[in-house]
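Read through the structure below, which is laid out as structure tokens, and then see the notes.
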Amino acid sequence: MRYCLITLALLSSGLQAADKPLQVPPPPPVPAGVVDEASIEPEVTIIQKGDATVSEYRLAGRLYMIKVKPQVGPEYYLSDEDGTGRMVRRDGQPTVRPPKWIIKRF
């Protein structure tokens, strides 16, 4: 009997909640300096250089990343991390490497 009352109370509260419209917050404002959606999208230029395929990624005319995919070997990325124009190579490996100290040899 008690389970029936609990179930009935839950169902009636669910029906009351279904009568109210869902409140969705408004979208965030567009950042300053953005004219249209095309200026938010990055420009990608694909260049074939010898045996490698180079993809250059630009945002608002500024080069921020280069993806190099050689014919042999894994692809790697050159990225401008601090906005100075100096590219740093990232191989997709984590930048933090755990220490490999020898604790005991057997």
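Details
- Residue in the range 68-86 that is at pLDDT 90 or above, part of a strand (DSSP E or B), of a type in the set (A, V, I, L, M) and touching a Phe, Trp or Tyr at 6+ places or on another chain (Cβ under 7 Å) present: yes
- Filter result for Pro42 (in contact with a Phe, Trp or Tyr (Cβ under 6 Å, 6 or more places away or on another chain), of a type outside the set (Val, Ile, Thr), on the phi < 0 side of the Ramachandran plot and at pLDDT below 90): yes
The values are calculated or read from the model by the stated rules, or taken from the named source; none is laboratory data. The model shown is predicted, which means the values in this text are computed figures rather than measured ones. Every residue, glycine as well, gets a Cβ built from its backbone with ideal geometry; the counts of neighbours run over all protein chains shown.
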